[in-house]
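Asker: Below you'll find the structure I mean.
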Amino acid sequence: MGTITQPQTGAKAAATLSNDEILRYSRHLIMPEVGMEGQLKLKNAKVLLIGTGGLGAPLGLYLAAAGVGKLGLVDFDVVDFTNLQRQVTFGTSDVGKFKSEAARERLSNLNPAIEIQAFETKLTSENALELFKDFDVIVDGTDNFPTRYLVNDACILLGKPNVYGSIFRFEGQATVFGMPDGPCYRCLYPEPPPPGLVPSCAEGGVLGVLPGIVGSIQAMETIKLLLGIGDSLAGRLLLFDALGMKFRELKLRKNPNCPMCGEHRTITKLIDYYEFCGVRGEEAPGPDLQVPEITPRELKSRLDCGDDLYILDVREPHEYQICNLNGHLIPLGELTRRVHELDSSREIVAHCRSGKRSAEAVDFLRKAGFRKILNLKGGILAWSDEVDPTVPKY
Amino acid sequence: MAVKVMIPTPLRAYAGKRDSAEFKAATVGEALSHLTTEFAELRKHLFTEDGKLRSFVNVYVNDEDIRYLAKENTPTKDGDTISIVPSIAGGCC
């Protein structure tokens with residue numbers, strides 16, 4: 001099930017494969033399910049990848065290897081050292097380069113016969129429809145809710161399939177939205193979580209190979225769609241539990257009352273997705289809690305003067321092992337039931353890695369009646385930057 | 001009716017790191033109530049202040065979304081699996 005119609009663009013569809021292509025794709029061609037006809041479908045296909053990170057890495061590599069004729073890569077980000085743990089399109093020498101360009105170079109080397117267009121831009125409500133319109137399939141490899149809803153809505157408005165994959169720590173989800181009579185993302189999740197309620201990836205971490213597996217599943221689904229073979233994941237939600245090494249499948253129904261793809265559509269244009277997701281400003285991880293703060297330099301100065309400050313570390317034990325300020329460790333998730341370990345008559349400085357979790361801790365403790373409590377602004381990362389560079393950053 | 005409730009990764013920290021829990025329950029609502037009684041910190045992640053299931057958390061009995069069954073009144077039988085599937089967005093980081 002689930003074929004897609006490739007739009008007629010100005011360019012003439014390729015009708016043949018060169019001898020080089022026949023040799024390159026021989027392992028496709030000798031399969032009756034693909035053959036010359038299937039390979040030509042791939043050659044004439046145009047797939048747009050939103051995100052060239054953890055999910056985008058295997059996606060780009062396998063779609064380029066398979067001979068998808070045109071790949072668009074949308075990413076405004078720059079390769080960071082910490083990306084190399086999972087974004088396997090990039091090498092150490094790519095650190096600092098724009099991801100879309102570094103990915104384009106790598107994929108061009110893998111397959112010089114295909115066209116690869118790098119869009120070094122942020123996907124927005126202003127540019128999404130224009131960007132998507134010339135592609136056949138859109139693949140969602142993004143990492144935040146506002147963009148996922150944007151990708152979904154743009155695909156539904158344009159009638160394009162959206163091959164979806166998402167991950168968190170050891171779990172993944174995959175499906176195909178946007179097929180005719182199929183569900184869309186809003187059918188599955190009508191609303192996003194408010195920021196701050198679901199832990200972010202940066203807080204939670206991820207095993208590098210997890211997006212490798214889920215992204216590969218997305219690549220497989222994309223190729224099946226283009227070839228018109230197999231059973232698409234449309235209408236099914238695939239759940240992957242890496243630790244248990246279990247795949248489960250749930251029915252994903254189209255919501256007849258869906259405001260986007262239902263019988264009585266109420267959303268007819270792209271909206272402000274940051275507002276929809278309750279996020280103010282650019283990529284804000286959550287609303288800033290207004291709590292009293294102390295900067296690392298101020299803390300150092302007070303400690304040097306001999307002030308009796310109690311350092312509370314609200315990170316996890318494995319983070320404490322990486323580096324610490326000799327604080328008393330109570331992970332944030334345990335604070336509620338271990339608050340009796342704290343002496344409210346002492347002046348307490350709470351810290352975490354970057355200052356976000358400790359802000360929540362300070363907010364909680366103030367509501368619990370603690371009056372002498374400060375948040376270390378910027379966390380141990382800022383301490384490393386401003387006070388003691390021998391403290392490793394992670 | 002002994003049912004197994006699967007706890008997704010993002011919520012395991014609030015459920016004593018467990019990936020599942022078993023309860024006797026005649027409906028989905030009863031099973032979730034047992035779950036949030038045993039793991040009180042889970043409650044705010046699954047339910048709003050007025051006791052409604054959060055809109056970004058889906059619940060399934062076996063492979064069916066309860067929104068298309070009887071929601072929290074969906075009856076459960078021995079051996080059923082209740083899955084809690086929250087919205088996750090990770091992909092890049």
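Every number in this text was worked out from the coordinates using simple rules, so none of it is lab data. Since the structure is predicted, the reported quantities are computational estimates derived from the model, not experimental observations. For neighbour counting, all protein chains shown are included, and Cβ atoms are generated from backbone atoms with ideal geometry for every residue, glycine included.
Asker: Hand me the chymotrypsin sites (Phe, Trp or Tyr not before Pro) from the range A:121-154 located in a DSSP loop with no more than 12 other Cβ atoms within 10 Å, in residue order please.
Answerer: Sparse-neighbourhood loop chymotrypsin sites (Phe, Trp or Tyr not before Pro): none present.
Asker: Distance cut-off 32 Å, Cα to Cα: go down the list A:Lys99/A:Lys393; A:Lys251/A:Lys356; A:Lys246/B:Lys71 and report the pairs above it. Walk me through the intermediate numbers first.
Answerer: Details: A:Lys99/A:Lys393 23 Å; A:Lys251/A:Lys356 37 Å; A:Lys246/B:Lys71 26 Å.
Going by Cα-Cα distance, A:Lys251/A:Lys356 fall outside the 32 Å limit.
Asker: Report, to two decimal places, the Cα Rg of chain A normalised by 2.2 N^0.38 Å (N = number of residues). List each step's numbers first, then the result.
Answerer: Details: Rg = 24.4 Å, N = 394, 2.2 N^0.38 = 21.3 Å.
Ratio of Rg to 2.2 N^0.38 Å for chain A: 1.14.
Asker: For chain A, calculate the relative contact order in percent as a whole number, restricting contacts to Cα pairs under 8 Å that are 6 or more residues apart. List each step's numbers first, then the result.
Answerer: Working: 745 pairs, mean separation 51.5, N = 394.
Relative contact order for chain A comes out at 13 percent.
Asker: Roughly how many whole Å is it from the C-alpha centroid of the range A:60-136 to that of the range A:202-267?
Answerer: 21 Å
Asker: Given axes a ≥ b ≥ c from the Cα gyration tensor, I'd like to know whether the range B:1-81 is rounded (a/c under 1.5), prolate (a/b larger than b/c) or oblate.
Answerer: Oblate, since a/c reaches 1.5 and b/c is not below a/b.
Asker: Once every DSSP H run of n ≥ 4 in the protein assembly as shown is given -39500 (n - 2.57) and the sum is divided by its residues, what mean residue ellipticity at 222 nm do you get, rounded to the nearest 500 deg cm²/dmol? Don't skip to the end; give the middle numbers.
Answerer: Working: 19 runs with 150 residues, N = 487.
So the calculated ellipticity at 222 nm is -8000 deg cm²/dmol.
Asker: Hey, in the GNM for chain B with a 10 angstrom Cα cutoff, which one of B:Ala25, B:Ala15, B:Ala70 fluctuates hardest?
Answerer: B:Ala70
Asker: Cβ under 11 Å from A:Leu365's Cβ, A:Leu365 left aside: what net charge do those residues give with Lys, Arg +1 and Asp, Glu -1?
Answerer: The answer is +2.
Asker: Now for a separate question. Running a GNM on chain A with Cα contacts under 10 Å, which residue among A:Ala45, A:Ala14, A:Ala128 ends up with the highest mean-square fluctuation?
Answerer: Judging by the Gaussian network model, the answer is A:Ala14.
Asker: Under 10 Å, Cα contacts only: if you run a Gaussian network model on chain A, which one of A:Asp94, A:Asp75, A:Asp343 comes out with the highest mean-square fluctuation?
Answerer: Result for chain A, Cα springs under 10 Å: A:Asp343 fluctuates most.
Asker: Which of the three applies to the range A:293-386, rounded, prolate or oblate, going by the alpha-carbon gyration tensor with a ≥ b ≥ c and a/c under 1.5 meaning rounded?
Answerer: Working: a/c = 1.60, a/b = 1.15, b/c = 1.39.
Here the range A:293-386 falls in the oblate category.
Asker: Measure nothing but the geometry: give the 0 to 90° angle between the long axis through the Cα atoms of B:28-38 and the longest principal axis through the Cα atoms of chain B, rounded to 10°.
Answerer: The helix B:28-38 is inclined about 60 degrees to chain B.
Asker: How far, in degrees from 0 to 90, does helix A:145-158 lean away from the longest principal axis of the Cα atoms of chain A, to the nearest 10?
Answerer: 20 degrees
Asker: Tell me which trypsin sites (Lys or Arg not before Pro) from the range B:28-93 have a DSSP coil assignment and no more than 14 other beta carbons within 10 Å of their own.
Answerer: B:Lys52, B:Lys77
Asker: Taking a ≥ b ≥ c as the square roots of the Cα gyration tensor eigenvalues, with a/c under 1.5 meaning rounded and otherwise prolate when a/b beats b/c, else oblate, which class fits the range A:69-215?
Answerer: oblate
Asker: Work out the charge dipole of the range A:249-394 with +1 on the Cβ of Lys and Arg and -1 on the Cβ of Asp and Glu about the Cα centre, then indicate which of A:Gly327, A:Ser384, A:Gly262 is farthest towards its positive end.
Answerer: Comparing the listed Cα positions along the dipole, A:Gly262 ranks first.
Asker: Pairs A:Lys46/A:Lys224; A:Lys46/A:Lys160; A:Lys12/A:Lys46: which are spaced more than 23 Å apart, C-alpha to C-alpha? It would help to have the intermediate numbers written out before the result.
Answerer: Details: A:Lys46/A:Lys224 14 Å; A:Lys46/A:Lys160 12 Å; A:Lys12/A:Lys46 13 Å.
Those over the limit do not exist; all pairs fall within it.
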